[in-house]
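The values are calculated or read from the model by the stated rules, or taken from the named source; none is laboratory data. Remember, predicted model here, so these are calculated numbers, not experimental data. So basically every Cβ, Gly included, is an ideal-geometry build from the backbone, and we count neighbours across all protein chains shown.
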Amino acid sequence: MKLGFILATLNVRPAPRDSVFTLQIPELQLEFPGDSAGLLPRSDFNTFQIVIRAQRINYGSIRSRINTESASIVMETKAVSDTIVCSFDLNRRAGFRMSPGRNSVEIEATDGRGRPLYASFLLDRGAAPITTTRPATHGTVEDIAGQERYAVVVGVSRYRDPAIPQLQYADQDAKAFRDFLLSPDGGRFQADKILYMVNEDAGMKNLRTALYTFLAKPRKEDLVVIYFAGHGSPDPNDRRNLYLLPYDTEIFNMGGSALPMWEIQDIFSRVIKAQRIVTFTDACHSAGISGASAEGQVPGASGAQRDLKIAPVAGNNLINQYLARYTGEGKRAVMTASDIGETSAESRKWGGGHGVFTYFLMEGLKGKADQDRDGTVTAGELFDFVRDQVILATSRQQNPTALPGLARDMPLAGKAMRASSNRPEAP
């Protein structure tokens, strides 16, 4: 299921008159209003520009990002009539060309009253091919002898705030994943080295304790596994800020009740010492969360919030792209359930009640992803299997992604995990 926006056609699409930001690609004769998505006929264009139509913009406040990376180094600004034009030269510095699949461009500024202005654009250069019969690689499986294993497993289906849409199977997804980690094929994690939190137990205090205190214990040579199924969303009050939503999130106070993305980066870079980290996130389930407040009734709400609700508006949820970015260095296997600007499907048709991502994740870990039939499922094999199966099952409406630099030889299930879990205890 996609977010509530419509892909742009290949023809020129004029921006609405009230659009503050407009992205223009003169080489392709394309124009997109802020918070929209566009399908590109080709990706070999060299320049584009973003036009800002607002009064008294503070030039020093203008910031831009291409695929989450600061793009100020390839951007120049100048006043043209009653607008500000931000010109981007993609040849100026390596790394800013449009990549396969979906790309994001973000722009922000502050107006004369100090109010933040923000917009994002999704540019799609075409779908990647589906490969259901990949050649066996027969690569060398990484040696994991001597490691201890720690896991944080979170699933939130029920949220305390009635304005947050409830999920059906996030808690069941988390339970299935936890149970696999306890099994021999999953590495027989010790129960006291798994923090498992679902629904009411997955509040902000418990989540922060798990990430900041519990995950400070693993040593450099150990393995850390993080699984999160629940909502991930921009703040309705300021869409520049992205959050993971624990059980007790207050929709109109995400800043005080949800986990911001910049803290995820802090956790990976300063808290977790382990070099091997496996992260699975199924964090984009609803377009409605990223909407703006509107008049209406929220059942069960009180005070000023009684007459408010979340209403879908045009916008792009980039949380999965930022989750993939905020993962530090070392041996990493980071997989998200969907691409930028997509939501994640869940249904009874997948294993009696699962998210499609977790259903195929579990199928792959249980052996179906073992492409070379050596008895061990590696990170590379698992991602290839899950990505292809989810794309097929959702008719390309959901495209799992992996962090660039995926540690493809890292064992995640099967023979290698069984063997290492049976090692003798250290004296």
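Of the residues in the range 299-307, at least one is surrounded by 18 or more Cβ atoms within 10 Å (Cβ to Cβ), in the same structural domain as Gly186 (by TED's automatic domain parsing) and modelled with pLDDT under 95. Restricting attention to the range 35-59, and to residues there that are over 29 Å from the mean Cα position of the chain (by Cα) and not hydrophobic (A, V, I, L, M, F, W, C), which single residue is surrounded by the most Cβ atoms within 10 Å (Cβ to Cβ)? Among residues in the range 35-59 that are over 29 Å from the mean Cα position of the chain (by Cα) and not hydrophobic (A, V, I, L, M, F, W, C), the one surrounded by the most Cβ atoms within 10 Å (Cβ to Cβ) is Arg53. Given the structure, is Pro135 farther than 26 Å from Lys331 by Cα and either assigned to a loop (DSSP other than H, G, I, E, B) or modelled with pLDDT under 90 (or both)? So Pro135 fails the test.
Taking the condition of being surrounded by fewer than 22 Cβ atoms within 10 Å (Cβ to Cβ), in a helix (DSSP H, G or I) and in contact (Cβ under 8 Å) with a residue 24 or more places away in the chain, how many residues in the range 164-175 meet it? Going through the range 164-175 one residue at a time, the tally reaches 2.
Out of everything in the range 367-384 that is touching a Phe, Trp or Tyr at 6+ places or on another chain (Cβ under 9 Å) and hydrophobic (A, V, I, L, M, F, W, C), what residue ends up being farthest from Val278 (Cα to Cα)? By that ranking, first place goes to Ala369.
Any residue that is in contact with a helix residue (DSSP H, G or I) (Cβ under 6 Å, 6 or more places away or on another chain), over 16 Å from Asn91 (Cα atoms) and not aromatic (Phe, Trp, Tyr) - is there at least one of those in the range 65-72? So far as the range 65-72 goes, yes, one or more of its residues are in contact with a helix residue (DSSP H, G or I) (Cβ under 6 Å, 6 or more places away or on another chain), over 16 Å from Asn91 (Cα atoms) and not aromatic (Phe, Trp, Tyr). Of the strands (runs of 3 or more DSSP E) lying entirely inside the range 56-131, those containing at least 2 residues that are touching a residue at least 60 places away in the same chain (Cβ under 8 Å) span 102-110, 116-124.
Against the criterion of being among the small types (Gly, Ala, Ser) and buried (at least 24 other Cβ atoms within 10 Å of the Cβ), Gly375 does not qualify.
If you check Glu363, Glu342, Glu329 for being modelled with pLDDT of 95 or more and charged (D, E, K, R), only one passes: Glu363.
Filtering the range 104-126 to residues that are closer than 18 Å to Asn317 by Cβ and surrounded by 21 or more Cβ atoms within 10 Å (Cβ to Cβ) leaves Val105, Glu106, Ile107, Ala119, Ser120, Phe121, Leu122, Leu123.
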